[in-house]
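Have a look at the structure below, then the notes.
Every number in this text was worked out from the coordinates using simple rules, so none of it is lab data. Keep in mind that what you see is a predicted model, and the values were worked out from it rather than measured. We place every Cβ from the backbone using ideal geometry, glycine too, and count neighbours over all the protein chains shown.
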Amino acid sequence: MKKFTSIFMCLTLCIIPFNKIFANNENKNIDISSKSAILMDVSSGQIIYEKDSHQKLPPASVTKVMTMLLIVEALENNKIKLDDSVQISDNASSMGGSQIFLEAGEVQNVDTLLKGIAVASANDACVAMAEYIGGSVEGFVDMMNKRAKELGMKDTNFVNTNGLPVDNHYTTAYDIALMSRELLKHDMITKYLTTWMDNVVVGKKKSTVGLANTNKLIKHYSGATGVKTGFTNEAKYCLSASAKRDNTHLVSVTLGAETTQERFKDATNLLNYGFANYETVNLIKKDSKVTDIKLDKADEEKVDIVCKDDLNLLIKKGENKDFTKKININKDIKLPIKKGDNIGKLEVYQKDKLVGSVELISTKDINKAGYFKMLERIINNII
């Protein structure tokens with residue numbers, strides 16, 4: 001097989017324009033009273049607005065975004081199932097604050113516990129799930145911090161699963177936006193995050209406990225998709241709030257508001273600003289063919305290359321900009337190739353600035369050509 005040098009194919013597009021967004025002076029007029037805040041595009045991770053977004057602060061129950069993320073990932077990796085039985089420990093049942101009043105020794109399923117966390121911010125359910133997935137709360141907290149590092153949350157340290165007051169437990173608005181964005185990628189969590197009211201049956205006497213979502217935007221903000229509230233005397237009122245309208249999905253994070261009304265007002269102002277001024281454009285569809293490449297020693301000479309994921313860009317409404325696509329194929333491609341293997345990367349530029357990229361993959365397994373196939377190609381080339 002021939003060794004490949006980097007292949008760049010530039011396609012200048014004059015379709016819907018892209019405008020690189022910076023959280024700068026253009027949005028100073030947004031009225032934000034919270035100590036720290038950020039507005040981020042869920043699809044691309046672009047920042048539209050920020051106010052002291054890297055300041056380390058206690059997050060209170062917004063911590064549970066990471067707890068829910070690990071639960072959802074365990075479900076999707078088939079490590080656990082929604083109907084799994086979880087025995088409630090003395091430790092879990094002893095949690096104060098927001099709870100669904102689990103009793104030591106009772107058995108609940110994962111679905112009920114996840115619902116309790118997402119809707120009612122249940123501290124007892126968090127501990128129960130941490131012990132079930134991590135073997136212990138300490139083991140689960142280690143998983144939380146490891147996942148935080150993987151997501152690029154550089155200013156975060158978790159000490160517990162639920163955000164109850166404890167020393168050295170902190171994060172930032174920016175880091176919360178990162179983990180909220182990751183959680184929102186999982187469609188299965190949507191029904192939990194957007195449940196306004198529900199009931200669960202708990203305790204050895206099978207008592208019915210009513211749940212009411214602590215995130216009031218779920219009922220009162222058009223397109224709301226989540227995510228989580230939080231409050232302690234130290235952290236004040238905190239909120240990760242997301243909403244989706246058409247193709248635009250935004251998440252706002254506010255920390256340290258003095259009142260619950262202020263946190264919801266700040267989140268509403270941020271989301272309103274984002275939807276009024278920006279929109280998301282899909283440039284590349286997942287699984288769409290980008291190019292094909294020739295592999296001399298493969299059983300198939302030409303291999304279709306497709307995008308692994310959608311490539312979405314956030315643009316400012318009303319602005320027209322040209323941007324280019326560049327396809328960068330890996331230098332050395334070794335056979336055999338498995339379906340889904342990385343072949344290269346498609347990059348999108350605004351002038352000379354990289355503004356987005358997506359991985360390129362093979363659509364099928366590609367094996368080395370056999371002796372007779374290679375002989376046939378040699379003869380055809382001679383002819």
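Here are a few things to note about the model shown:
- One Cα centroid belongs to segment 104-158, the other to segment 42-101; the line between them spans 6 Å.
- In degrees, nearest ten, helix 173-184 long axis to first principal axis of the chain (Cα): 70 degrees
- Candidates 140, 57, 74 compared by Cα position along the dipole of segment 33-140: farthest toward the positive end lies 57, with charges placed on Cβ.
- Computed over the chain: relative contact order in percent, which uses C-alpha pairs under 8 Å that are six or more apart: 21 percent
- Burial ordering of 142, 167, fewest other beta-carbon atoms within 10 Å first: 167, 142
- Its Cα centre serving as origin, the chain has a Cβ charge dipole (Lys and Arg +1, Asp and Glu -1) of approximately 1060 debye.
- In this simple spin-label approximation, residue 151 and residue 94 carry label points 7 Å from Cα along the Cα→Cβ vector, and these lie 2.9 nm apart.
- Calculated Rg and Dmax of the chain using C-alpha coordinates, Å: 24.5, 85
- Mean Cα-pair separation over length for segment 34-257, i.e. relative contact order, pairs under 8 Å, 6 or more apart, %: 27 percent
- Anisotropy class of segment 34-257 from Cα gyration tensor, a/c 1.5 cut: prolate
- Between residue 29 and residue 328, the FRET efficiency estimated from the beta carbon spacing at R0 = 41 angstrom works out to 0.50.
- Antiparallel content of DSSP bridges confined to the chain, in %, to 5: 100 percent
- P(r) histogram, all alpha-carbon pairs of segment 124-214 included - 10 Å bins from 0, percent: 14, 36, 38, 11, 1
- Look at 190, 172, 259 and count the other Cβ atoms within 10 Å of each Cβ; fewest to most, that gives 259, 190, 172.
- Taking 0.36 nm per residue of separation and subtracting the current Cα-Cα distance, fully stretching the chain between residue 87 and residue 338 would add 86.2 nm.
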